[in-house]
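The values are calculated or read from the model by the stated rules, or taken from the named source; none is laboratory data. What you see is a predicted model; the values in this text were computed from it and never measured. When we count neighbours, we look across all protein chains shown, and the Cβ atoms used for this are built from the backbone with ideal geometry, even at glycine. Surface areas here come from the heavy atoms of the whole protein model, side chains and all, with no ligands, DNA or RNA. Shrake-Rupley method; radii C 1.70, N 1.55, O 1.52, S 1.80 Å.
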There are 2 protein chains.
Amino acid sequence: MINVGGRTLKNVVGYDLTMLFVGSEGTLGVVTKAELKLNPMPPARKTIMAVYDDVAKAGENVFRVLENGVIPNKIELLDNWVINRIEEMMPMGLPKDADAVLLFETDGIPEAVEKETEKIVEIAKKYGATDVRVAKDQAEADKYWLARRAGFAAVFGKAPTVFAEDVTVPRGRIPDLIRKCKELAKKYAVEIVVLGHAGDGNLHPAILTDIKNKDHYDRAVKAMDEIIEGAVELGGVISGEHGIGLEKQKFFRKIENPKVIDLMKGIKALVDPNNIMNPGKIW
Amino acid sequence: MINVGGRTLKNVVGYDLTMLFVGSEGTLGVVTKAELKLNPMPPARKTIMAVYDDVAKAGENVFRVLENGVIPNKIELLDNWVINRIEEMMPMGLPKDADAVLLFETDGIPEAVEKETEKIVEIAKKYGATDVRVAKDQAEADKYWLARRAGFAAVFGKAPTVFAEDVTVPRGRIPDLIRKCKELAKKYAVEIVVLGHAGDGNLHPAILTDIKNKDHYDRAVKAMDEIIEGAVELGGVISGEHGIGLEKQKFFRKIENPKVIDLMKGIKALVDPNNIMNPGKIW
């Protein structure tokens, strides 16, 4: 039992064990207690929905906003397929003919939120959004965020087998990643749904398939493999949030420098010599 | 030669080696190339100087500002001794009879900067600042920050031997740490100068002494040891920015859990089995 980290903002005492354990997927130990730093709630927030006739344009809008010095606390992407499934589940007036929508949320002091909201509206219009709506109150904003949260339920309810990815690219490469998904959907004749945390460069492209339909399933696997390889070619990584687990071990071994793998395995053996911590995961 | 990290905002592929190497003081390897993420320059900034008749009140003001949800990008502390040495070196109208001053800088969009500046002025007055000045332009702001930068030169020019510490405490405990320094200055009859990054809970208390004056030097060493132990008792750490190096090894071994030390030493042996990386430092 050890304590790592602490309550100070700065700490350079020895090696950073906190960040070594965080994200280790239980393979280095069990976290029995965690103390988290809380930030004060921002006094104001505002939601903007921007509508696009081309999902790649939505992707471009993400970095246009960021390069203009506006850093919203969220930028989320829903594509046409997800929008229509949400409207089937709970009609709320989302634009069913849009190729994609982006949901932005700004937060901070009211004056800053107002200004950043104006700037997002201006940039979205300038770079090809066909419609931009600022939620007039919290109720309308809540409706959009409910739609976003329903996105995954919509995907997972619609096919016997769903692959959901977690690839992450530098934020300027989001349009390229989205275009790649579109190409692969055509190449392998599968439906690839695109949604995710566009503001982080982290998308969760999902492929709807059925493990019992061997031909379709095999094409889905190939398409997903190419999405992952494509993300890496764009300077990205195979996982932004969810880790290696079981499924991504083959990509991890293929893509990562063997010296890096050896070093990480050495740390695993040092901390857990009997391999009792979440055995089989990552390694 | 390995690459760690990357250009994505999120990355949970394997263990976080970047943070393991950062802060390892050269004991795990040599950084041959570093790519840094840049944030856009904030469009506006403003400097506030608040004056106190008691340095502990200045310390309290730091967390009063933070607990009110205002997070300035800098809060720096100068005590009476430093103020007077700066005024000797380059007279610029600092309040020579003040026990301490805090320098705040806010940044962001102009409306937010304006609002946060007002709030800092209000809170500083409410919690006992005897005078609060908002720099009327960048020239006046630059003058205050020049004073801050001159602070260390002022300290190091004034005694044959100077101990400068790097202790860091939770930000709510800054007044306690400052009071501890005052007590120890009396107890050991040495001059303890207090300045540093108060907004981070990171102070650099300095003791002026002379290694050739054995009696004085011994008292200075004892005072410094007690400052370090006092910071740890307040929930702090022995180093916020500068690391263990040679000087803090005795405190590191005394304060840190031996299991944590063993784990860190294991990582050192794994990465650098021949002990050729900055040998003698930390370990």
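Starting from a label point 7 Å past Cα on the Cβ side, list the distances from B:GLU67 to the same position in the other copies, nm, shortest first.
Copy-to-copy label distances at B:GLU67, shortest first: 4.5 nm.
Which whole number in µm²/s is D for the range B:29-114 by Stokes-Einstein, with the Kirkwood Rh taken over Cα pairs at 25 °C and 0.890 mPa s?
It diffuses with D of about 162 µm²/s by this estimate.
Give me the distance between the Cα centres of the range A:148-172 and the range B:59-111, rounded to whole Å.
Result: 49 Å between the Cα centres.
Rounded to the nearest whole Å³, what is the per residue volume of the convex hull around the Cα atoms of the range B:159-233?
Hull volume over Cα atoms, normalised by residue count, gives 68 Å³.
From the label point of B:LYS259, set 7 Å from Cα along Cα→Cβ, how far away are the matching label points in the other copies, in nm, ordered shortest to longest?
3.4
Which values of log₁₀ I(q)/I(0), to two decimal places, follow from the Debye formula for the protein assembly as shown at q = 0.07, 0.09, 0.11 Å⁻¹ with a uniform point scatterer at every Cα?
-0.54, -0.86, -1.16
Please compute the Kirkwood hydrodynamic radius of the range A:42-201 from all pairs of different C-alpha atoms, in Å with one decimal. Provide the component values of the computation, followed by the final result.
Working: mean 1/r = 0.0629 Å⁻¹.
It is 15.9 Å.
Can you figure out the FRET efficiency of B:VAL221 with A:LYS250, using R₀ = 60 Å and their beta-carbon distance, to the nearest 0.05? The partial results should precede the final answer.
On the way: r = 58 Å, r/R0 = 0.97.
That gives a FRET efficiency of 0.55.
Give, in nm to one decimal, the length gained when the segment between B:MET41 and B:ASN84 is fully stretched (0.36 nm per residue of separation minus the Cα-Cα distance).
Net length gain for the segment: 12.2 nm.
Using the Cβ atoms and a cut-off under 11 Å, what net charge is assigned to the surroundings of A:ALA135, where Lys and Arg are +1 and Asp and Glu are -1?
Once positives and negatives cancel, what remains is +1.
Could you tell me how far the Cα centroid of the range B:128-144 sits from the Cα centroid of the range B:201-251, in Å?
First find each Cα centre; the distance between them is then 32 Å.
So what is the calculated 222 nm ellipticity per residue for the protein assembly as shown, using -39500 (n - 2.57) for each DSSP H run with n of 4 or more, over all residues, to the nearest 500 deg cm²/dmol?
Taken over the protein assembly as shown, the calculation gives -13500 deg cm²/dmol.
Inter-copy label distances at A:ASP225, 7 Å along the Cα→beta-carbon direction, one decimal in nm, shortest first?
Result, one decimal in nm: 6.5.
Using 0.36 nm per residue of separation minus the Cα-Cα distance, give me the extension gain between A:LYS33 and A:LYS158 in nm, one decimal.
Here the segment from A:LYS33 to A:LYS158 would lengthen by 41.2 nm.
Take chain B, connect every pair of alpha-carbon atoms lying under 10 Å apart with a spring to form a Gaussian network, then pick out the residue of B:ALA139, B:ALA164, B:ALA100 with the largest mean-square fluctuation.
B:ALA139
Based on the alpha-carbon set only, what is the convex hull volume of the range B:122-273 divided per residue, in Å³?
Expressed per residue, the convex hull around the Cα atoms of the range B:122-273 is 170 Å³.
With only alpha-carbon atoms in the gyration tensor, what are the semi-axes of the equivalent ellipsoid for the range A:195-283, in Å, largest first?
27, 17, 13
With the other protein chains left in place, how much accessible area per residue, in square angstrom, belongs to chain B at a 1.4 angstrom probe?
48
Counting other Cβ atoms within 10 Å, keep those with at most 16, restrict to DSSP loop, and tell me which chymotrypsin sites (Phe, Trp or Tyr not before Pro) in the range A:1-66 are left. Show your work: numbers first, answer last.
Working: sites: A:TYR15, A:PHE21, A:TYR52, A:PHE63; in loops: A:TYR15.
Counting only loop positions with at most 16 other Cβ atoms within 10 Å, none of the chymotrypsin sites (Phe, Trp or Tyr not before Pro) in the range A:1-66 qualifies.
Determine the sum of side-chain charges near B:ASN202: Lys and Arg each +1, Asp and Glu each -1, restricted to other residues whose C-beta is under 11 angstrom from that of B:ASN202. Show your work: numbers first, answer last.
Numbers: positive: A:LYS10, B:ARG171; negative: B:GLU76, B:GLU165, B:ASP166, B:ASP200, B:GLU241.
Counting the neighbours of B:ASN202, the net charge comes to -3.
In square angstrom and rounded to 100, what buried accessible area do you get between chains B and A, total over both, with the probe at 1.4 Å?
The B and A chains share an interface burying roughly 4900 Å².
State, to one decimal in nm, how far the label point of A:ASP131 lies from the label point of B:LYS259, with both points 7 Å from Cα in the Cβ direction.
About 5.9 nm separates the two model spin labels.
With Cβ to Cβ distances under 10 Å as the rule, what net charge do the other residues near B:LYS10 carry (K, R +1; D, E -1)?
That sum, taken over residues with Cβ under 10 Å, equals -3.
Give the range of the longest stretch in chain A that excludes all trypsin sites (Lys or Arg not before Pro) found in loop regions by DSSP and having at most 13 other beta-carbon atoms within 10 Å.
A:137-211
Carbon and sulfur: what percent of chain A's accessible surface (1.4 Å probe)?
The computed percentage sits at 53.
How compact is chain B by the rule of thumb for globular proteins, expressed as Cα Rg over 2.2 N^0.38 Å?
Ratio of Rg to 2.2 N^0.38 Å for chain B: 1.11.
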